1. For Ala293, are the conditions met, namely being farther than 25 Å from Asp104 by Cβ and in contact (Cβ under 8 Å) with a residue 24 or more places away in the chain?
2. For Val152, all conditions in the list (1) under 24 Å from Gln69 (Cβ atoms); (2) assigned to a helix (DSSP H, G or I) hold save one; what is the number of the exception?
3. I'd like the residue in segment 113-157 that is of a type in the set (Lys, Arg) and under 23 Å from the mean Cα position of the chain (by Cα) and, out of all such residues, is modelled with the highest pLDDT.
4. For residues that are within 26 Å of the chain's Cα centre (by Cα) and small (Gly, Ala, Ser), scanning just segment 318-360, find the one that is surrounded by the fewest Cβ atoms within 10 Å (Cβ to Cβ).
5. Yes or no: Arg363 over 13 Å from Leu248 (Cα atoms), at pLDDT 70 or above and either among the basic types (Lys, Arg) or surrounded by fewer than 13 Cβ atoms within 10 Å (Cβ to Cβ) (or both)?
6. When segment 92-117 is examined, which residues are found to be surrounded by 20 or more Cβ atoms within 10 Å (Cβ to Cβ), under 17 Å from Ala141 (Cβ atoms), in contact (Cβ under 8 Å) with a residue 40 or more places away in the chain and not charged (D, E, K, R)?
Amino acid sequence: MFRLIRERRNDRNRQADSHEVIVNQPSQPERESMDRASCSKTDPSSVPLCVDLDGTLVRSDTLWETILQLVRHRPGSIVPIIGQYLRAGRSAFKSAAVDALVIDPATLPYHDDVIAEIGRARAAGRPVLLVTGANERLAHAVAEHTGLFDGVIGSRPGSNNTGQDKADELSRRYGLRQFDYFGNSHADLKVWAQSHAALVIGSDRLKDQAGQRAPVTFHAPAATVSRPRAILQALRPMCWPLDSLVILPALVAGDVGRITITSFIGVWCFAAAFRIFGQLTDLPAFRKRPDAARHPFAAGNLPLSQGVAMACSLAIIAMLIAVVGLPARVLAFVAAFVAVSVLQIHFGQRRPAVFAVVLAALRLAVGYEAARAESTGPETPAPPSVTAAQTSWRN
């Protein structure tokens with residue numbers, strides 16, 4: 001009996017001790033406030049500045065830049081690179097893309113505000129590091145070109161340096177809340193949660209979300225123009241009058257009907273898709289133009305992934321319109337227009353005037369055949385009785 005009483009007393013004591021431990025443990029908000037308090041005691045001049053590459057230092061995505069240049073210059077390498085992604089994951093995919101092509105860092109669009117902030121940090125004697133999810137070889141090439149960084153941390157096969165992995169690596173190297181981080185995406189929220197201060201490139205909403213995790217000491221927008229205006233610039237409205245050549249024959253004939261309008265919409269969608277794809281696959285050339293700021297993908301005002309989605313969507317819509325809504329004789333000229341547009345992407349720089357004239361002629365040809373189809377109407381099969389009478393007469 002005494003042994004049972006002692007066991008019950010010991011159980012109560014253990015429960016009281018465990019309850020006391022639980023009560024004395026700080027809650028999550030308390031731990032965060034303790035972290036913030038420790039941050040305030042840190043000397044800002046000794047805190048390293050860690051800068052992301054894609055979307056932050058550079059107004060673009062270097063992986064998409066690599067893939068799109070491979071599509072233009074080495075299309076045969078795309079399938080093996082995708083196979084590497086399926087076999088070994090994203091980090092191996094990045095490595096395989098860099099194996100095939102290392103883009104020229106001098107052709108990338110750099111963010112002036114970020115470079116200015118890096119200059120201020122270096123002037124204060126702070127260490128500055130390029131910390132990116134891009135492949136480390138590409139990151140080293142950018143660091144060497146800019147001359148702004150004291151070190152580089154990037155992805156390599158088996159290690160994708162993004163999100164929580166990046167946050168853990170920086171905390172392991174410098175300590176929890178002992179580094180400032182310059183980022184631009186929702187994936188960086190996990191890094192800001194462990195950083196001393198947040199420097200944000202992006203929307204006000206992203207800035208507010210980052211501010212819930214660390215003090216925001218810098219904020220700048222990601223784009224220089226609004227998203228609707230950037231999309232309109234990508235569609236190149238100055239080229240739309242050229243697409244209206246499809247309607248010209250029907251206007252001359254005074255019979256603009258369904259086939260003509262359908263032909264115009266189909267040709268416009270195909271032309272818009274190829275214009276976007278042409279911008280995406282020739283970004284270095286567009287960035288050398290005096291009006292580079294008016295090209296949203298070259299200037300970094302639209303994500304390259306969104307451009308690929310826009311081009312593919314427009315091409316699919318155009319194919320559906322052409323196949324479902326156009327007669328065969330009109331469809332043949334639309335197919336010729338598509339074929340010449342594909343050739344223009346690869347060879348248009350050699351003979352731009354020739355391709356411009358040929359594509360204008362094909363637009364007129366599509367419009368002419370559409371106008372003919374409008375005037376003659378669809379061919380109707382003869383009634384079975386007439387067909388039988390013709391057959392018996394011939395026999």
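The values are calculated or read from the model by the stated rules, or taken from the named source; none is laboratory data. Computed from a predicted structure; not experimentally measured. Please note: Cβ atoms are built from the backbone with ideal geometry, for glycine as well, and neighbour counts cover all protein chains shown.
1. No: the conditions fail for Ala293.
2. (2)
3. Among those residues, the one meeting the criterion is Arg137.
4. Looking at the filtered set, the residue picked out is Gly348.
5. no
6. Hits for segment 92-117 are Ser95, Val98, Ile103, Leu108.
Rundown of residues vs (1) surrounded by fewer than 21 Cβ atoms within 10 Å (Cβ to Cβ); (2) over 19 Å from the mean Cα position of the chain (by Cα); (3) assigned to a strand (DSSP E or B), yes/no style:
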site: Ala187; (1), (2), (3): yes, no, no
site: Val191; (1), (2), (3): no, yes, no
site: Arg205; (1), (2), (3): yes, yes, no
site: Thr224; (1), (2), (3): yes, no, no
site: Arg229; (1), (2), (3): yes, no, no
site: Leu232; (1), (2), (3): yes, no, no
site: Ala250; (1), (2), (3): no, yes, no
site: Asp255; (1), (2), (3): yes, yes, no
